[in-house]
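Everything on this sheet refers to the single structure shown next.
The values are calculated or read from the model by the stated rules, or taken from the named source; none is laboratory data. This is a predicted model, so every value here is computed, not measured. Quick reminder, even Gly has a Cβ in these numbers, built from the backbone with ideal geometry, and neighbours come from all protein chains shown. Heavy atoms of the whole protein, side chains included, go into the accessibility calculation; ligands, DNA and RNA do not. Shrake-Rupley method; radii C 1.70, N 1.55, O 1.52, S 1.80 Å.
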Amino acid sequence: MNAPAPQQDYLARLNPEQRLAVETLDGPLLVLAGAGTGKTSVLTTRFAHLLMTGRARPWQVLAVTFTNKAAREMRERVATILGQPAEGLWLGTFHALCARMLRRHAEIVGLKSNFTILDTDDQMRLLKQIMEAAGGIDSKRWPAQGLMAVIQRWKDRGLTPARITPAEDSDYANNRARALYDAYQRRLIELNAADFGDLLLHVTEILRTRADILADYHRTFRYILVDEYQDTNLVQYLWLRLLAQNEDPTRRNICCVGDDDQSIYSWRGAEIENILRFEKDFPGARIVRLESNYRSTKPILAAAAGLIARNEGRLGKTLRAGRQDAEGDKVRVVSLWDSEEEARMVGERIEQAQRKGHPLSEFAILVRAGFQTRSFEERLITLGLPYRVVGGLKFYERAEIRDAMAYLRFLHQPADDLAFERIVNTPKRGLGDSGMRALHQAARAENIPLALAAERIAETDTLKPKPRTALRELMRGFVRWRGINEKEGHVVAAATLLDESGYTEMWKQDRSPEAPGRLENLKELLRALGDYQTLAGFLDHVALVMETDENAEAERVQLMTLHAAKGLEFDTVFLPGWEEGLFPSQRSLDEGGDKSLEEERRLAYVGITRARRTATISHAANRRIYGNWTSSLPSRFLDELPEDAIIREGQSTIRANRMADTPSVFLGQSGLMARRPRITDANPWDTRERPPRESSLTKGERVFHQKFGYGTITDIDEDRLDITFDHTGPKRVLDRFVQKASEV
DNA sequence: ACAAATATGATGGGT
DNA sequence: TCATATTTGT
């Protein structure tokens, strides 16, 4: 099998400005890439160009992205140009690259190279323990989540506990945050664990204090490529600057690609100032602007441009329409009565367009906040339109997967107290609060891992007989499973462990409708495990990637947040919920004044520029929030759209639809006539309106549910039905909520 | 020790 | 409104 030949014409595909960005190889370079201007092409072509021209060997380029998806895409596209996959690349997310570096130098910060990367759950549990141990903190007034936020912010800024002066302490828990942070960091080291922030923090600290190690990396890296530079936080910036400030002036080749107008991650510690300051930070820097947009029609670009022009402190770019067929429909702004009607409008338009032959994958509904997806999901289910929620509940966040992962972590790393804590009584082994307290006490007294304490305590009569035998059995099991891991490999060991520990059995016994799905997920986990050479490699993958590869771009409507949509494009984009308090969000209005308002506006800009041909913005006059109806005003962003790029649509076009219960509403210039929400009015899925029906349902029967669509009954218990729905999976519902499918 | 009942708070986003 | 945390009951 021959490898495909490397491409020769890769430069010819670029326009002059893109080509300049690819061929300016020496010295610092900032590429300001507007939305849809071919940023990814430039980045990947530049990477391939470095290798093709012999300027660098694959391992001499450091290429950093924010998301795993971007890293994967870059890897694939570079391979396409080269005609073969490149080996030994330093290409990955900030976190993945730092994890790799930290494993090499772990001992410098007191970790072992096999340290565990903690997830958010673990962090929280650990922080709660630390706060408990510190004593005297009212956990009602000072929730652990607050401390986590404070610590994360410090880590985002590259501040180790030692670098924080008492004066800089947060007012959290009466200036005790710094001390708690210190205790937390010590405990992490004891546990041989690092949280996400630590990956960057530790590595940056090492590069700052160990000139020899920094010099090693300087010898290695000749070129640095950074994607989405506008989203870097301070510690990421410091890390990059350390690596880029090579003693060898011919190696100060850092190329950052970004767009200040798409900086939307300040809540994660990102500092837009990093990109605004680039020329000062890297003397002799050149700037190349990419302003030819090949994605969108003129009205879409005009709407986006008019909006973003309201922001101050921009580096400044003007997008030109670059496509041949850039004429197109104006951006539609639709006013609706309530959020249900909004969902109906979107569903109907998708249905209509689909009938004209447009594939569903070319429609996207982009919302401000995750909870907004629900009303659209319900509507799409009723219409029978398949959809995909991007970034919804992730595979590795499900309870059964977390449990299984804890088993594997503990198998790999017997000192992983947090993992041990999670599994020791799952399934139930009779070890409750008092038993756990005894374990903790023993561990703390001798300063040993929980598991070791458990082994010892199982030989004494501290515990009651039942938990004692169970615990002894479990610990012996792990000795055996570790043996299997050595001899027969991690896949066999994992399967045996989940079986013999009783974990799989626990879900087999579980009668709830979700149980079979959970067992399926466990099988899927074992399959995924087989893709990795070692258990350690798999654990890292899960901690850093948190996603499965099976997210094929199927024939489905795409539903996601505006944040998740960055970098994507669709023919038709719906932008619902443009209302004051929702978008811009109340929180951004409350906290940072103009600065965060500008970030919301950038988010709106990102949203509009996702569309190739059609963009439909909407707002509803009434929306249910926390379960009760609230009326809302149109977003100020609607008034900022240039009139000649948009066309406003009111209730009139919506009137034609079949839901005749919607009262007529009149539009003013900037909003809807005020009318109180119909709190007690009739509502099509209110159960009281449904004529009472004898429950004559039987197992295996097809039924219809207003929210979940069609499904099959799997079990009946009095008035409770277990139903596997075609689109949403198994659920337990009351019988009065469903109709026989034959009666619909 | 575990299940059920009740209270509380979230909904801003990802490695 | 829903999901989780805490309290109460067996």
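With the structure loaded, tell me whether A:ASP259 is open to solvent by less than 10 Å² (accessible area, probe 1.4 Å), within 30 Å of A:GLU327 (Cα to Cα) and in contact (Cβ under 8 Å) with a residue 24 or more places away in the chain or whether it fails that test. The answer is yes for A:ASP259. Is there a residue in the stretch A:32-53 that is of a type in the set (A, V, I, L, M, F, W, C), assigned to a helix (DSSP H, G or I), in contact (Cβ under 8 Å) with a residue 60 or more places away in the chain and more than 14 Å from A:ALA86 (Cα to Cα)? For the stretch A:32-53, residues of a type in the set (A, V, I, L, M, F, W, C), assigned to a helix (DSSP H, G or I), in contact (Cβ under 8 Å) with a residue 60 or more places away in the chain and more than 14 Å from A:ALA86 (Cα to Cα): present.
When every residue of the stretch A:483-492 is checked against the conditions, none turns out to be surrounded by fewer than 19 Cβ atoms within 10 Å (Cβ to Cβ), in contact (Cβ under 8 Å) with a residue 12 or more places away in the chain and not hydrophobic (A, V, I, L, M, F, W, C).
Among the residues of the stretch A:551-566, is there at least one that is within 25 Å of A:SER296 (Cα to Cα), more than 16 Å from DNA strand C (Cβ to nearest atom), in contact with a Phe, Trp or Tyr (Cβ under 6 Å, 6 or more places away or on another chain) and assigned to a helix (DSSP H, G or I)? No: the stretch A:551-566 contains no residue that is within 25 Å of A:SER296 (Cα to Cα), more than 16 Å from DNA strand C (Cβ to nearest atom), in contact with a Phe, Trp or Tyr (Cβ under 6 Å, 6 or more places away or on another chain) and assigned to a helix (DSSP H, G or I). Here A:ALA5 meets the list (1) among the small types (Gly, Ala, Ser); (2) assigned to a strand (DSSP E or B); (3) open to solvent by 70 Å² or more (accessible area, probe 1.4 Å) almost entirely, failing just condition (2). A residue that is in contact (Cβ under 8 Å) with a residue 40 or more places away in the chain, hydroxyl-bearing (Ser, Thr, Tyr), more than 14 Å from DNA strand B (Cβ to nearest atom) and not in a helix (DSSP H, G or I) occurs somewhere in the stretch A:158-172.
Has the stretch A:360-374 got any residue that is within 16 Å of DNA strand C (Cβ to nearest atom), surrounded by fewer than 22 Cβ atoms within 10 Å (Cβ to Cβ) and within 23 Å of A:LEU544 (Cα to Cα)? Checked against the condition, which is being within 16 Å of DNA strand C (Cβ to nearest atom), surrounded by fewer than 22 Cβ atoms within 10 Å (Cβ to Cβ) and within 23 Å of A:LEU544 (Cα to Cα), the stretch A:360-374 yields at least one hit. The condition of being more than 19 Å from A:GLY313 (Cα to Cα), open to solvent by 10 Å² or more (accessible area, probe 1.4 Å) and among the β-branched types (Val, Ile, Thr) holds for A:ILE647. If only residues of the stretch A:173-198 that are within 16 Å of DNA strand B (Cβ to nearest atom), of a type in the set (A, V, I, L, M, F, W, C) and in a helix (DSSP H, G or I) are counted, the one that is most open to solvent (accessible area, probe 1.4 Å) is A:PHE196. Of the residues making up the stretch A:56-105, those that are small (Gly, Ala, Ser), in contact with a helix residue (DSSP H, G or I) (Cβ under 6 Å, 6 or more places away or on another chain) and open to solvent by 20 Å² or more (accessible area, probe 1.4 Å) are A:ALA86, A:GLY88, A:ALA96. For A:GLY316, are the conditions met, namely being of a type outside the set (Val, Ile, Thr) and on the phi > 0 side of the Ramachandran plot? Here the answer is yes, as A:GLY316 does meet what is asked. Can you tell me which residue within the stretch A:603-629, out of those that are in a strand (DSSP E or B) and farther than 30 Å from A:ARG295 by Cβ, is nearest to DNA strand B (Cβ to nearest atom)? If we take residues in the stretch A:603-629 being in a strand (DSSP E or B) and farther than 30 Å from A:ARG295 by Cβ, then A:ILE625 is nearest to DNA strand B (Cβ to nearest atom). Checking each residue of the stretch A:451-461 against the condition of being touching a residue at least 40 places away in the same chain (Cβ under 8 Å) and of a type outside the set (A, V, I, L, M, F, W, C) gives no match.
Please go through the stretch A:618-639 and pick out each residue that is surrounded by fewer than 24 Cβ atoms within 10 Å (Cβ to Cβ) and hydrophobic (A, V, I, L, M, F, W, C). Scanning the stretch A:618-639 gives A:ILE625, A:TRP629, A:LEU633, A:LEU638. A residue that is open to solvent by less than 10 Å² (accessible area, probe 1.4 Å) and more than 10 Å from DNA strand B (Cβ to nearest atom) cannot be found anywhere in the stretch A:591-602.
Per the listing A:GLU455, A:GLU446, the residue uniquely modelled with pLDDT of 90 or more and crowded, with 16+ Cβ neighbours inside 10 Å is A:GLU455. Whether a residue is open to solvent by 20 Å² or more (accessible area, probe 1.4 Å) and not β-branched (Val, Ile, Thr) was assessed, and A:ASP122 does not pass this test. Out of everything in the stretch A:141-157 that is basic (Lys, Arg) and touching a residue at least 60 places away in the same chain (Cβ under 8 Å), what residue ends up being farthest from DNA strand C (Cβ to nearest atom)? The qualifying residue farthest from DNA strand C (Cβ to nearest atom) is A:ARG157. Of all residues in the stretch A:357-385, none satisfies the criterion of being without any contact (Cβ under 8 Å) to a residue 60 or more places away in the chain, over 24 Å from A:GLY711 (Cα atoms) and of a type in the set (D, E, K, R). Would you confirm, using the coordinates I've provided, whether A:GLY269 is modelled with pLDDT under 95 and within 18 Å of A:THR67 (Cβ to Cβ)? So A:GLY269 passes the test. Residues in the stretch A:375-389 that are open to solvent by 40 Å² or more (accessible area, probe 1.4 Å) and of a type in the set (A, V, I, L, M, F, W, C): A:VAL389 only. Taken as a whole, the condition of being away from DNA strand B (no atom under 16 Å from the Cβ) and in a loop (DSSP other than H, G, I, E, B) does not apply to A:PRO427.
When the stretch A:301-344 is filtered for residues that are under 30 Å from the mean Cα position of the chain (by Cα), open to solvent by less than 10 Å² (accessible area, probe 1.4 Å) and small (Gly, Ala, Ser), the ones remaining, listed by number, are A:ALA303, A:ALA304, A:ALA343.
Can you find even one residue in the stretch A:393-413 that is closer than 28 Å to A:LEU603 by Cβ, buried (at least 20 other Cβ atoms within 10 Å of the Cβ) and basic (Lys, Arg)? Looking for residues that are closer than 28 Å to A:LEU603 by Cβ, buried (at least 20 other Cβ atoms within 10 Å of the Cβ) and basic (Lys, Arg), one finds none in the stretch A:393-413, hence no.
Yes or no, residue by residue, for (1) surrounded by 18 or more Cβ atoms within 10 Å (Cβ to Cβ); (2) at pLDDT 90 or above; (3) out of contact with any Phe, Trp or Tyr (no Cβ under 7 Å at 6 or more places or on another chain):
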position: A:ARG612; (1), (2), (3): yes, yes, no
position: A:ALA615; (1), (2), (3): yes, yes, yes
position: A:GLU643; (1), (2), (3): no, yes, yes
position: A:ARG658; (1), (2), (3): no, no, yes
position: A:SER664; (1), (2), (3): no, no, yes
position: A:LEU667; (1), (2), (3): no, no, yes
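Looking for something among the hydroxyl-bearing types (Ser, Thr, Tyr), touching a strand residue (DSSP E or B) at 6+ places or on another chain (Cβ under 9 Å) and not in a strand (DSSP E or B) - is there at least one such residue anywhere in the stretch A:224-243? Yes, the stretch A:224-243 contains a residue that is among the hydroxyl-bearing types (Ser, Thr, Tyr), touching a strand residue (DSSP E or B) at 6+ places or on another chain (Cβ under 9 Å) and not in a strand (DSSP E or B).
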